[in-house]
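Here's the structure, in structure tokens; my notes come after.
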Amino acid sequence: MIGRKSMGQATPLLLILLSLGAFFATYNLTTMIVHNRTTIPGKWAADGLQSQIFTDPITEMPSDVKRPKDSKSMFHVALTATDAPYSKWQCRIMYYWYKKNKELVGSEMGKFTRILHSGNPDNLMDEIPTFVVDPLPEGIDRGYVVLNRPWAFVQWLEKATIEEEYILMAEPDHIFINPLPNLAHGEFPAGFPFFYIKPKENEKVIRKYFPEEKGPVTNIDPIGNSPVIIKREMLEKISPTWMNVSLRMKHDPETDKTFGWVLEMYAYAVASALHGVQHILRKDFMLQPPWDLETGKRFIIHYTYGCDYNMKGELTYGKFGEWRFDKRSYLRGPPPRNLSLPPPGVPESVVCEWQ
């Protein structure tokens, strides 16, 4: 009788202890998930290497569990280009570094295509694998040549035979400095976050193309179309929308004035969001001298900005330096072979870009 009485008195206490244990277990799990989420709402973060944990849309899972380490998920490298000398020399450099890195350990780069939107073959056809597509009808781009980019991808995806499941959208002024793995994960493409793509700050204009019923503007990733690694079938769906949004934006005076030279980048960001596509934001995808000072373990150098320095190695951005490298100085042909060395003190990223 004493034993049964003691057990009866202990049962409520035991239930309370079990309830508290379940509460703390749930609390700890929730805290862990929240802690590992990116600080950008609605997006999945993967700022480090592939061995890091990133937030899966269903459950928290180490990324190296999602794909066996000994398997490869190859992607096709595709860049759009014109037949202008300025574009040609950049494409040649880009293709050279693609070949240098393609076979290295860690690379998942597949085949390569220069999508030439001049409408006619040029003298690089035998040097670089090239697919010729038509430009937009005369006058449609209003002098903004990159409007041809989405139209070029629409044509290429429709007509070309592409073996790889994924595609890297790249640009002529990209240099591969490390072998590039496939940074995408299933239905989540990988993109580089640009500090100047700010959908929230431009909500008034964005709402012309991304209506409120589609959700908050924070659903729009702060990216352009390049660099992006994405499934081929997803890009086939996005590209026509990307083309149409680009043209609508360019023909709207307010949008054209607001977005300027990054208009086509905003168009891709909006188009992918319209299709419900969200990108893994990879800061290690690319670096942009002179603002990024070290190459580290990043994969691509984007040499879009001019690099101006005095002979003390001090940046003089916005003012011609005693030493400078700017791709726009070579509109008619490639830089000469005898470019002077950067002065001491210039950041590693600029030295690497120059080499």
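Can you pull the percent of the range 124-191's accessible area that's carbon plus sulfur, 1.4 Å probe, other chains left in place? Can you show the working numbers first?
Numbers: 1350 of 2740 Å².
Carbon-and-sulfur percentage of accessible area, whole number: 49.
Legend: Rg and Dmax of the range 139-195, from Cα coordinates, 14.3, 40 Å.
Potential lengthening of the chain between Asn120 and Leu339 amounts to 75.6 nm, from the contour at 0.36 nm per residue minus the alpha-carbon distance. Expressed as a whole percentage, what fraction of the accessible surface of the range 247-355 belongs to carbon and sulfur atoms when a 1.4 Å probe is rolled over the protein heavy atoms? Roughly 54 percent, rounded to a whole number.
Could you compute the FRET efficiency for Cys352 and Ala160, with r as their C-beta to C-beta distance and R0 at 45 Å, rounded to 0.05?
Numbers: r = 33 Å, r/R0 = 0.73.
Once rounded, the FRET efficiency stands at 0.85.
Two numbers describe the Cα atoms of the range 192-299: Rg and Dmax, which are 14.1, 42 Å. Entry note, the range 129-235: relative contact order of 35 percent, from Cα contacts under 8 Å with a spacing of 6+ residues. Computed from backbone phi, the HN-Hα couplings of the range 321-335 come to x, 5, 10, 8, 9, 9, 4, 6, 6, 10, 6, 9, x, x, x Hz, rounded to whole numbers (Karplus: 6.51 cos²θ - 1.76 cosθ + 1.60, θ = phi - 60°; Gly and Pro given as x).
Only Cα pairs under 8 Å and 6+ residues apart enter the sum, and on that basis the relative contact order of the range 67-136 stands at 35 percent. Using a 7 Å offset from Cα along Cα-Cβ at Arg248, what residues in the range 212-227 end up with backbone N under 13 Å from the label point? Under cut-off, by backbone N: 212-214. Measuring with a 1.4 angstrom probe and ignoring ligands and nucleic acids, Glu314 comes out at about 100 Å² accessible. Based on protein heavy atoms only, the range 177-221 ends up with 44 Å² per residue of surface accessible to a 1.4 Å probe.
Per the Kirkwood formula applied to alpha carbons, the range 279-355 shows a radius of gyration over Rh ratio, Rg over Rh, of 0.99. A simple rule links phi to the HN-Hα coupling: the Karplus curve 6.51 cos²θ - 1.76 cosθ + 1.60 with θ = phi - 60°, which for the range 192-202 gives 9, x, 8, 5, 9, 8, 10, x, 5, 6, 10 Hz, with x for Gly and Pro.
Would you work out if the range 124-251 is rounded, prolate or oblate? Take a ≥ b ≥ c from the square roots of the eigenvalues of the alpha-carbon gyration tensor; rounded if a/c is under 1.5, else prolate when a/b is larger than b/c, oblate otherwise.
Details: a/c = 1.72, a/b = 1.24, b/c = 1.39.
Oblate, since a/c reaches 1.5 and b/c is not below a/b.
In order along the range 129-145, phi translates into HN-Hα couplings of x, 9, 10, 8, 10, 7, x, 4, x, 3, x, 5, 7, 6, x, 9, 4 Hz, rounded to whole numbers, per the Karplus curve 6.51 cos²θ - 1.76 cosθ + 1.60 with θ = phi - 60° and x for Gly and Pro.
Cross-linked pairs Lys257/Lys319; Lys102/Lys297; Lys111/Lys159; Lys208/Lys257: Cα-Cα separations exceed 20 Å for Lys257/Lys319.
Ranked from largest to smallest solvent-accessible area, with a 1.4 Å probe on the protein heavy atoms, Glu108, Glu212, Glu254 come out as Glu212, Glu254, Glu108.
Round to the nearest 0.05 the FRET efficiency obtained for Thr258 and Glu103 when R0 = 41 Å and r is the Cβ-Cβ distance. List each step's numbers first, then the result.
Values: r = 44 Å, r/R0 = 1.07.
The pair Thr258/Glu103 has a calculated efficiency of 0.40.
Rounded to the nearest 20 debye, the dipole magnitude of the range 293-355 is 260 debye, with +1 charges on Lys and Arg beta carbons, -1 on Asp and Glu beta carbons, and the Cα centre as origin.
The values are calculated or read from the model by the stated rules, or taken from the named source; none is laboratory data. As the structure is a prediction and not an experimental result, all values here were calculated from the model. Neighbour counts run over all protein chains shown; Cβ positions are idealised from the backbone, glycine included. With ligands, DNA and RNA removed, areas are computed over all heavy atoms of the protein, side chains included. Shrake-Rupley method; radii C 1.70, N 1.55, O 1.52, S 1.80 Å.
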